[in-house]
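Heads up: the structure comes next, in structure tokens.
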Amino acid sequence: PQVSEVVFSPGESHCATGDEDGSVRVWSLASMELVIQFQVLNQSCLCLAWSPPSCGHPEQQQVVAGYSDGTLRVFSIARTSMELKMHPHRAALTALAFSTDGQTILSGDKDGVVAVSRLRTGITFRVLSDHRGAPISAIQSTSKKYGDLGVEGTDLWLAASGDQRISVWASDWLRDRCELLDWLSFPAPATLAATGRPPPSLAAFCPWDGALLVCVGLGAREEVLFYSLRQKQVVEKMSLPFFARSLSLSSGARFMAIGFAECTLRLVDCESGAAQDFSGHDGPVHLCRFTPSARLLFTAAHSEILVWEVPGH
């Protein structure tokens with residue numbers, strides 16, 4: 001079974017992996033030993049999120065998992081039990097994120113619907129259908145200053161969908177406020193001969209410049225696009241050897257990791273522009289994730305996970 005996601009505890013003591021066999025496994029990062037396993041029968045776990053540092057004490061840490069039947073399950077790490085099950089979607093979940101205060105969950109599904117749910121009550125209080133018709137391929141939330149970018153709100157979040165579209169929103173979930181900040185549409189990439197399907201549309205907020213989006217799989221060429229939310233335009237392009245299958249950005253050292261279907265991984269130093277390619281997987285690198293400190297990089301191909309030490313740490 002394929003590994004669908006890897007997420008990390010804020011203190012970097014543990015990581016969790018989601019699997020298409022329905023399992024969520026929690027591992028000790030020091031020993032790489034399995035600590036907890038949550039199993040859901042006859043479902044695939046397709047996306048995961050670990051509660052952010054703002055959620056308080058370590059014993060309150062939770063992992064939220066999204067499944068192929070449209071359900072979300074909230075697991076307590078300390079109590080090793082399921083605390084809540086919600087059903088905000090009719091289609092399989094494909095992307096998940098916590099709000100920056102950890103009180104709200106954003107989830108996206110195969111049909112392009114984004115649901116916003118309260119963690120304490122399990123109630124879905126907002127449904128956004130702007131991306132309907134294409135699967136949500138990425139959801140990410142980051143904090144913002146209240147009046148920054150000319151809008152109110154404490155969170156900045158994005159949703160990317162498989163039809164090369166990205167929406168960017170400013171929200172204050174405690175007041176149930178949500179405002180569209182930007183809408184990006186790109187031409188479709190040339191279909192990959194190898195797989196017969198386009199690469200995933202992926203986007204992430206740049207950790208060292210919150211007003212910058214980093215996008216791959218958008219547009220007709222094999223490249224990384226840097227889009228400025230202030231200037232409302234692409235401000236930089238970086239060409240790639242192939243279309244990207246996965247993307248991760250580190251907040252400390254300005255590194256970007258990109259996985260390719262061609263079994264290789266590229267590490268880019270965004271400060272100097274230097275790039276280095278690595279091989280080690282024998283399948284498409286469909287997942288790459290830096291740990292919060294960027295000391296380690298996890299990559300996955302099929303059911304195999306490789307752990308890389310990042311230079312400069």
Query raised in the report: Once phi is turned into θ = phi - 60°, what whole-Hz ³J(HN,Hα) does the Karplus curve with 6.51, -1.76 and 1.60 give for every residue of the range 95-108, x standing for Gly and Pro?
Result: 7, 8, 7, 7, 5, 5, 8, x, 8, 10, 10, 9, 9, x
Requested in this report: Could you give me the percent of Cα pairs per 10 Å distance bin for the range 32-189, shortest bin first, beginning at zero and ending with the bin that holds the maximum distance?
Outcome: 11, 40, 35, 13, 2
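Within 10 Å, at most 10 other Cβ atoms, and a DSSP state outside H, G, I, E, B define an exposed site. Report the longest part of the chain free of exposed GluC sites (Glu not before Pro).
Values: sites that count: 33, 271.
Looking at the chain, 34-270 is the longest stretch - no exposed GluC sites (Glu not before Pro) with at most 10 other Cβ atoms within 10 Å.
Trypsin sites (Lys or Arg not before Pro), restricted to the range 93-123: which are DSSP loop and have at most 14 other Cβ atoms within 10 Å?
120
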Report summary line: Most fluctuating of 76, 31, 107 in the GNM of the chain (C-alpha, under 10 Å) is 31
Query - Dipole axis of the chain (+1 Lys, Arg; -1 Asp, Glu on Cβ), positive-most option in 129, 211, 2 - result: 129
**Report entry** Cut-off under 5 Å, modelled amide H: who pairs with residue 14 long-range
**Finding:** 9, 29
Report task. Please identify which residues in the range 234-278 have an amide N closer than 12 Å to a label point set 7 Å out from the Cα of residue 304, following the Cα→Cβ vector. Result -> 263-264
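Calculate the translational D of the chain in whole µm² s⁻¹ from Stokes-Einstein, where the hydrodynamic radius comes from the Kirkwood formula applied to all Cα pairs, the temperature is 37 °C and the viscosity 0.692 mPa s.
Details: Rh = 19.5 Å.
So the translational diffusion coefficient is about 168 µm²/s.
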Query raised in the report: Using modelled backbone amide H atoms (1.01 Å from N, in-plane), which distant-in-sequence or interchain residues come within less than 5 Å of residue 83's amide H?
Result: 74, 75, 76
Query raised in the report: Using a 1.4 Å probe, what is the accessible area per residue for the range 20-100, in Å²?
Result: 45 Å²
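Below 13 angstrom from the Cβ of residue 143, what's the summed charge of the other residues (Lys, Arg +1; Asp, Glu -1)?
Values: positive: 144, 145; negative: 101, 148, 155, 172.
Taking every other residue near residue 143 into account, the sum is -2.
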Requested in this report: Tally up the carbon and sulfur contribution to the accessible surface of the chain as a whole percent, 1.4 Å probe, everything protein left in place.
Outcome: 48 percent
Report summary line: Karplus ³J(HN,Hα) for the range 158-168 (6.51 cos²θ - 1.76 cosθ + 1.60, θ = phi - 60°; Hz, whole; x = Gly/Pro) runs 10, 10, 10, 10, x, 9, 6, 10, 10, 10, 10
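Quick check: net charge around residue 177, other residues with Cβ under 11 Å of its Cβ, Lys/Arg +1 and Asp/Glu -1? Can you show the working numbers first?
Details: positive: 126, 175; negative: 152, 155, 172, 176, 179.
Within the 11 Å Cβ shell, the charges total -3.
The values are calculated or read from the model by the stated rules, or taken from the named source; none is laboratory data. The structure displayed is predicted, hence computed values, not measured ones. Quick reminder, even Gly has a Cβ in these numbers, built from the backbone with ideal geometry, and neighbours come from all protein chains shown. With ligands, DNA and RNA removed, areas are computed over all heavy atoms of the protein, side chains included. Shrake-Rupley method; radii C 1.70, N 1.55, O 1.52, S 1.80 Å.
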